Structure formats: structure tokens, C-alpha cells
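These notes concern the structure reproduced below.
The values are calculated or read from the model by the stated rules, or taken from the named source; none is laboratory data. If you're wondering where the values come from, they're calculated on a predicted model, not measured in any experiment. No Cβ is skipped: glycine too gets one built from the backbone with ideal geometry, and neighbour counts run over all protein chains shown. Ligands, DNA and RNA are excluded from the accessible area calculation, which covers all protein heavy atoms including side chains. Shrake-Rupley method; radii C 1.70, N 1.55, O 1.52, S 1.80 Å.
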Amino acid sequence: MPRPCRPRSEKEKTVAFSIFFTLTKGHNSNMKMIPQTAPTPDDFSHVTEWVFDLDNTLYPHEVNLFSQIDRNMTAYVAELLQLEPDEARALQKRYYHEHGTTLQGLMIHYGIDPNAFLERAHAIDYSMLSPNPELGEAIKALPGRKFILTNGSVPHAQAAAGALGILDHFEDIFDIVAADFLPKPASATYEKFAALAKLDTKQAAMFEDLPRNLAAPKALGMKTVLLVPRNLEGIVMERWEIPAETDEHIDFITDDLTAFLQGVTTTAK
């Protein structure tokens with residue numbers, strides 16, 4: 001006779017997810033088959049609103065700046081719940097997968113102060129980011145307005161974009177605080193951003209490094225561009241971070257944002 005089911009404790013859930021995390025990470029070999037796609041003259045001729053994710057989008061994935069944030073979040077979870085580092089990381093990744101951000105999961109399950117979490121997560125060294133004048137010129141050349149839409153904070157976006165030398169090219173930054181801490185990929189977050197920015201989504205393009213974060217923009221009528229790592233050596237990605245052939249919400253894929261934007265402005269002339 002089957003034993004009655006009982007709710008699993010948070011630690012049991014974490015261990016179970018840790019096993020899943022261990023078994024499913026390391027799918028970088030699949031990335032080798034992702035085709036790069038370039039714009040044609042008509043693809044972006046109507047676009048006057050340019051929306052960019054921040055982390056692993058405006059700077060390359062291989063810079064690995066986000067690894068510092070990742071470690072800070074793991075440490076926060078470990079201290080908050082008195083977990084071993086491996087358990088804390090597994091729980092962090094489970095919340096990231098299930099709720100869009102670790103922060104959202106911690107707010108739902110533990111009612112944490114989101115501002116304290118963001119300050120701790122973004123206490124990082126930005127010196128690994130160097131000014132990128134070529135990217136700055138490519139962004140500047142785009143016709144119309146440019147925005148940053150991030151699950152991070154405004155101070156983090158300002159620091160990162162400032163280090164890259166591209167901050168002045170953006171009209172505004174819509175962060176997780178402005179989204180009432182509801183992260184991408186939630187449709188409501190994109191809708192709120194569009195309303196506040198008075199954005200015509202049918203004349204907009206969205207640049208992101210996570211496939212699932214492009215589904216809502218595509219549904220709103222935006223052109224969608226996925227940024228993928230240029231150098232796959234040593235990069236580990238979750239299965240759901242890798243685009244599938246069935247992802248019809250992804251219009252373009254590139255591993256070089258600067259070259260892609262230069263191609264857009266060249267074909268638009």
C-alpha cells in the first residue's frame with residue numbers, strides 16, 4: 001500500500017533540485033548548432049524603439065561579470081536559510097528557473113527585503129568591463145529611442161553601462177524595482193514598461209540573452225534578437241537557457257551585438 005504523501009521540506013526540495021541541476025547542466029555542446037542570422041534591409045526599417053537587456057547582452061557572456069552576482073546571491077541564500085553552499089546554490093537556481101529571478105522566489109517564500117537583496121547581489125567589481133566605443137557608436141546610430149530593460153537594478157545598470165561607455169545613449173532604464181519586482185519573462189512587466197515609456201511595440205526591437213524572455217516581446221509585436229555566447233569554452237548553460245528549433249518567438253540570433261547593430265544601420269540606409 002503506498003505511503004501517504006507528505007509535503008517535502010525546503011531542504012528536501014533543494015536536494016532534489018540539486019540532483020536535477022547536476023544532471024541537466026553542461027549542455028554547451030548544443031550551442032554549436034545554433035545558426036547565426038543577419039538582418040535584411042527591410043527587417044528593421046520600421047523600428048524606432050530599441051530595447052536592450054543588460055547582463056550578458058550589452059556586454060558579452062564570456063566577460064563573466066554575472067558570475068560575481070551569482071556568487072553573491074548564493075551567499076545571501078546560504079546566510080538567510082543557514083544552508084551549505086551547494087544547497088543554497090541549488091535553491092537559488094530553482095527559484096531562478098521557477099520564478100524568473102532568485103529574488104522573486106525569496107520574496108514569495110520568505111518575504112525578504114528586495115532592496116537589501118539587490119544591494120548585496122550587485123556589490124561587485126565592474127573593472128572587468130572596458131569602454132566599448134564601437135558598440136556605443138552602433139547604439140548611437142540606431143534611429144529613435146533606446147532603453148535598458150533589466151531584471152537587475154538601476155544602479156547596477158548605470159554602473160555596467162557606464163563602465164562600457166554607453167550609458168549616455170539610453171533614454172531610460174526600466175529595472176526590477178519599476179516592475180514592482182515582477183521579473184521578465186512575465187508579460188505584465190513588458191506591458192508596464194511599454195505603457196510607462198509610451199512605446200509602440202510594433203515599432204520596437206528587443207535584444208536578450210534568454211530565449212524565454214523574448215516570448216512576451218514577440219507577442220507584443222516586437223522584433224526579437226537573441227544574444228548567444230561567442231566563445232563556448234567553459235560556458236555551462238541550463239537546458240532552458242538554450243534556444244530550441246521550435247522557438248518561433250526568436251527572429252534573429254547573434255553572438256556579436258556590435259556587428260549586428262552595425263548591420264542594421266547599414267541595411268537601413
Of the candidates LEU227, LEU220, LEU196, LEU214, the one satisfying the condition of being within 18 Å of ILE139 (Cα to Cα) and either aliphatic (A, V, I, L, M) or open to solvent by less than 50 Å² (accessible area, probe 1.4 Å) (or both) is LEU227
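Residues checked against (1) open to solvent by 20 Å² or more (accessible area, probe 1.4 Å); (2) at pLDDT 95 or above:
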{"residue": "LYS93", "(1), (2)": "yes, no"}
{"residue": "GLY100", "(1), (2)": "no, no"}
{"residue": "GLY105", "(1), (2)": "no, yes"}
{"residue": "ALA123", "(1), (2)": "yes, yes"}
{"residue": "ASN132", "(1), (2)": "yes, yes"}
{"residue": "ALA138", "(1), (2)": "no, yes"}
{"residue": "ALA141", "(1), (2)": "yes, yes"}
Residue list for the range 190-224, filter: among the acidic types (Asp, Glu) and within 21 Å of ASP256 (Cβ to Cβ): GLU208, ASP209
Of the residues in the range 47-84, how many are open to solvent by 30 Å² or more (accessible area, probe 1.4 Å), touching a helix residue (DSSP H, G or I) at 6+ places or on another chain (Cβ under 9 Å) and modelled with pLDDT under 95? 1
So SER67 passes all but one of these: (1) of a type outside the set (Lys, Arg); (2) part of a helix (DSSP H, G or I); (3) over 17 Å from the mean Cα position of the chain (by Cα). Which condition number does it fail? (3)
Conditions (1) open to solvent by 20 Å² or more (accessible area, probe 1.4 Å); (2) touching a Gly at 6+ places or on another chain (Cβ under 8 Å); (3) not polar (S, T, N, Q); number of the one not met by ILE176: (1)
